[in-house]
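A.B. asks: This structure is in structure tokens; I'll ask about it shortly.
The values are calculated or read from the model by the stated rules, or taken from the named source; none is laboratory data. These numbers come from a predicted model, not from an experiment. Backbone-built Cβ (ideal geometry, glycine too); neighbour counts: all protein chains shown. With ligands, DNA and RNA removed, areas are computed over all heavy atoms of the protein, side chains included. Shrake-Rupley method; radii C 1.70, N 1.55, O 1.52, S 1.80 Å.
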Amino acid sequence: MMHAGVRAIRAAFAALVLLSAATLGAGYVAADRAGDRVTGDPAVEQAFRTGERGPVVGSRSAITVVATDSNAFVSDEDDAPRAMAELVAFAPDGTVYYYENDHTRYWDVDPVEGTAATVEFVYADHLPPAACDGTVCTRNGVERVNLTTGERTAVYSRITPGKHSTRWHDVDRLGPERLLVADIYADRVFVANTTTGLVEWSWDAQSDFDVSSGGPYPEDWTHLNDVEVVELDGREVVMVSLRNQDQVVFVDFERGLLDEWTLGTDDEHDTLYEQHNPDFVPAERGGPALLVADSENGRVVEYQREDGRWVQSWTWADARLQWPRDADRLPNGHTLVTDSNGDRVLEVARNGTVVWTASVGFPYEAERLGTGDESTGGESAAALGLPDRHPPPPSASVRARVEATLPGPIVNAVSYLFPRWVGPSEALAVLGLVGGTLGWVTFEYRRADRRLRPRWPFRLERR
């Protein structure tokens, strides 16, 4: 009987290990995206460098620029690891118009006013301890590039300590010499003069929010990831995305926070859940409205201002949308969306169908040149009468059922931390493989230890 029990336990461990290994193997073969991903593909970069390239995405009416974040690493020629991030522009015919991967991460991209194909982008470079007084640090900066000629110009940069949550995700130009910066490291927004280097204005989130709100303080309290100057009631104010507070707030340059305009509430996730890149649609284009990449809710959502409050007016998601981090309303009524964990940039038509897509590794932001910065050339969903779209129920596949039962942040965390092809089912297989192997080894060790332990031929007598 004992031998039968041992055999059953061994069979269970063997089945768990074999099933987990098979799941990982099948996931790798089925979900390997090296063949359909534009960025991160060495062949695409080589084709751009040599000029021998054909279309890699569908055609569109203008240049589309994509900045990518990175959670994967490759080795340079000196075997030093670096993040695999790119700035890529697709020509109207679908060819690669411009490509670079010189920075650790790319964030915000804005068209330069008065030019046809020049953009300013925000980057982050993780620097070694030798450049940072013995510790790691990050250079956050803004650079300008002419996508046609490749001419690049440094605009502004600063160094912050550490790597995690020290970056600037967004910088907007206010004039020839002034930049509005979203500073995650200091939980503030500030205006910098690029000529003098001086900070001319700033708003600190601590002036209006308690540190018990949002994320862990001070490591990653607000994750302040987006800024934009908008016009409210005839005056310019700053719109700020406080990701970890689940809020979009409006700050007057003189009066401070305008409470009555705030969208969202900390930890009230039905409205917003750790959002990115909100865009303001003004009254003359059917607003006031806010188009938001509602990241952890896995949707793009829009809110319309009605009778002094925000009312949800549109939402869009499909079965693949996982972690959107940018959404722009185009002048034709379409919506340009970046789906970071879905590895794609897509264009959604007025009827909710996807009419263009580019397979891009972990994109952060996309811009369609000639349509205005972000959503400035587009109308509100209410004015356009856009229909809502919700993803269909999960399919019968095991993976779809597993993902449907897990909270969105868990699915997104797995997609972010593990290699690109590892989804939730593959992550469970990793746990099964490791746990099953360790459990089996421990079981066999304990059995061997019991067999080898000496049996005393005598009893200790009491005294």
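A.B. asks: Quick one: which of Y106, Y98, Y185 is among the aromatic types (F, W, Y), in contact with a strand residue (DSSP E or B) (Cβ under 8 Å, 6 or more places away or on another chain) and open to solvent by 20 Å² or more (accessible area, probe 1.4 Å)?
C.D. replies: Going through Y106, Y98, Y185 in turn, just one is among the aromatic types (F, W, Y), in contact with a strand residue (DSSP E or B) (Cβ under 8 Å, 6 or more places away or on another chain) and open to solvent by 20 Å² or more (accessible area, probe 1.4 Å): Y185.
A.B. asks: Is it the case that some residue within the stretch 31-41 is at pLDDT below 55, surrounded by fewer than 20 Cβ atoms within 10 Å (Cβ to Cβ) and assigned to a helix (DSSP H, G or I)?
C.D. replies: Among the residues of the stretch 31-41, at least one is at pLDDT below 55, surrounded by fewer than 20 Cβ atoms within 10 Å (Cβ to Cβ) and assigned to a helix (DSSP H, G or I), which makes the answer yes.
A.B. asks: I'm told F209 meets every condition in (1) open to solvent by 10 Å² or more (accessible area, probe 1.4 Å); (2) outside any loop (DSSP other than H, G, I, E, B); (3) touching a strand residue (DSSP E or B) at 6+ places or on another chain (Cβ under 8 Å) except one. Can you identify the failing condition by its number?
C.D. replies: Only one criterion in (1) open to solvent by 10 Å² or more (accessible area, probe 1.4 Å); (2) outside any loop (DSSP other than H, G, I, E, B); (3) touching a strand residue (DSSP E or B) at 6+ places or on another chain (Cβ under 8 Å) is unmet by F209, namely (2).
A.B. asks: Please enumerate the residues belonging to the stretch 213-233 that are among the aromatic types (F, W, Y) and open to solvent by 10 Å² or more (accessible area, probe 1.4 Å).
C.D. replies: Once the filter is applied, which keeps residues that are among the aromatic types (F, W, Y) and open to solvent by 10 Å² or more (accessible area, probe 1.4 Å), the stretch 213-233 yields only Y217.
A.B. asks: If you don't mind, another one. Only residues that are open to solvent by less than 10 Å² (accessible area, probe 1.4 Å) and either touching a residue at least 40 places away in the same chain (Cβ under 8 Å) or closer than 24 Å to F250 by Cα (or both): list them for the stretch 326-340, please.
C.D. replies: D326, A327, D328, R329, L330, G333, T335, L336, V337, T338, S340, listed by residue number.
A.B. asks: Since R320 meets every condition but one in (1) among the charged types (D, E, K, R); (2) in a strand (DSSP E or B); (3) in contact with a Pro (Cβ under 9 Å, 6 or more places away or on another chain), which condition does it not meet?
C.D. replies: Of the numbered conditions (1) among the charged types (D, E, K, R); (2) in a strand (DSSP E or B); (3) in contact with a Pro (Cβ under 9 Å, 6 or more places away or on another chain), the odd one out for R320 is (2).
A.B. asks: While we're looking at this one, here's another question. Which residue out of G141, G150 is part of a loop (DSSP other than H, G, I, E, B) and in contact with an Asp or Glu (Cβ under 9 Å, 6 or more places away or on another chain)?
C.D. replies: Result of the check over G141, G150: G150.
A.B. asks: Another question, if that's okay. If you scan the stretch 342-383, which residues turn out to be of a type in the set (A, V, I, L, M) and modelled with pLDDT of 95 or more?
C.D. replies: Correct list: V345, L346, V348, A349, V354, V355, A366, L369, A381, A382, A383.
A.B. asks: Here's a check for you: in the stretch 241-279, which residue that is surrounded by fewer than 22 Cβ atoms within 10 Å (Cβ to Cβ) and part of a strand (DSSP E or B) is nearest to the chain's Cα centre (by Cα)?
C.D. replies: Among them, the one singled out is L263.
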